Amino acid sequence: MQRYFIPDSDWYETEVIIKSDDVHHLTRVMRYKEGDKIICNNEDSQAAICKIIAVEKNVIRAEVLEWLHESVELPLDVTIAQGLPKGDKLDLILQKATELGVSSFIPYQAERSVVVWDDKKIAKKMDRFRKIVKEASEQSHRNKIPIISSPMKLADLIWESDHYDVKLFAYEEEAKIENHQSFGGILSKVERGQRLFVCIGPEGGFTTNEAKQLKDNGFHPVRLGPRILRTETAALYVLASISYQFEEL
């Protein structure tokens, strides 16, 4: 069954109202009609099987049949802070990181970020980013949609990380030393339910100045395997490793 995330304002005791782009997707893409069943999620990460009872031009009404007691969320709360990459790489990172279970996502303007976003560009991009993570959450049958923050500077990022249990940054220089700190070694000490903040640099990685600021503020440098990963690969490596460690072993 197809899954849709519906705002709490459109939920009633035994009925849910579906609006906007979801109506187009249901009627024009999926060709659903009255009597067909879908899964609807509310903002509290709860899901219910619903039956379509009325299809109108801009609104679909569905009856709540059964609440599902399920969760496919990672047992850790993982925030990825991603240095702004070039082109449309961020679209890919957002989509795949959502599929892999990221809890929240913070783009940040790193010293080596080639792109610079102005306020007008940020507003337009954020609308697209929210649509990407919503659709990825529905496709992967998640219970909630990851939160995307507006782009930050490094100082704001450090302040934001204050309430996390474990703070890491993927540092390519860590991969070059003999007594390196591996990501796997860190994960073996992390406990379920903890909050994990992972910082990923843009193309070119972190500058020496950024690495020093992060270390001075409680971030631990880690290597992500013996090879140097592209910026669009690093976050996916992190999340896949967490999933394997806490969901598959």
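Rule-based calculations on the coordinates, nothing more; no lab input. What you are looking at is a predicted structure, and each value in this text was computed from that prediction instead of being measured. Every residue, glycine as well, gets a Cβ built from its backbone with ideal geometry; the counts of neighbours run over all protein chains shown.
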Can you work out D for the stretch 89-183 in µm² s⁻¹ from Stokes-Einstein, where Rh is the Kirkwood radius over C-alpha pairs, the temperature is 20 °C and the viscosity is 1.002 mPa s?
141 µm²/s
In nm, to one decimal, how far is the D127 label point from the T233 one, both placed 7 Å along Cα→Cβ?
3.5 nm
Would you mind classifying the stretch 1-94 by shape? Square roots of the alpha carbon gyration tensor eigenvalues, ordered a ≥ b ≥ c; an a/c under 1.5 is rounded, otherwise it is prolate if a/b is larger than b/c and oblate if not.
oblate
Residue separation between S20 and I186 times 0.36 nm, minus their alpha-carbon distance, gives in nm 55.4 nm
5 Å is the cut-off here: which amide hydrogens, built 1.01 Å from N in the peptide plane, fall below it relative to E203, excluding neighbours closer than 5 in sequence?
K86
Would you mind checking the stretch 73-108 for residues with the amide N under 19 Å from a putative spin-label position 7 Å along Cα→C-beta of H220?
75-81
Principal axis lengths of the stretch 146-185 from Cα atoms, whole Å, largest first?
37, 20, 19
According to the Kirkwood expression over distinct Cα-Cα pairs, how big is the hydrodynamic radius of the chain, in Å?
19.6 Å
Report the normalised scattering of the stretch 108-249 as log10 I(q)/I(0) at q = 0.11, 0.19 Å⁻¹, calculated by the Debye formula with identical scatterers on the alpha carbons.
-0.46, -1.38
Along principal axes, largest first, the alpha-carbon spread of the stretch 77-140 in whole Å comes out as 32, 21, 18
Tell me, which longest segment in the chain has none of the trypsin sites (Lys or Arg not before Pro) that fall in DSSP loops with at most 13 further Cβ atoms within 10 Å?
87-152
Value of [θ]222 nm, deg cm²/dmol, for the chain, DSSP H segments ≥ 4, -39500 (n - 2.57) each, nearest 500
-8500 deg cm²/dmol
So Q46 and N58, fully extended at 0.36 nm per residue minus their Cα-Cα distance, gain in nm 1.9 nm
Hey, what's the Kirkwood Rh for the stretch 157-238 if you take every pair of different alpha carbons, in angstrom?
13.0 Å
For a 29 Å ceiling on Cα separation, which of these pairs sit above it: K124/K153; K189/K212; K37/K121; K57/K86; K134/K167?
K37/K121; K57/K86
The base-10 log of I(q)/I(0) that the Debye equation returns for the stretch 67-106 at q = 0.30 Å⁻¹, one scatterer per C-alpha, is -1.06
Where the Cα atoms of the stretch 43-123 are projected onto their three principal axes, how long is each span, largest first, in whole Å?
52, 37, 18
Here the relative contact order (percent) of the stretch 1-116, from C-alpha pairs under 8 Å and at least 6 apart, is 21 percent
Run the numbers on the stretch 94-230 and let me know its relative contact order in percent, using alpha-carbon pairs under 8 Å that are six or more apart.
31 percent
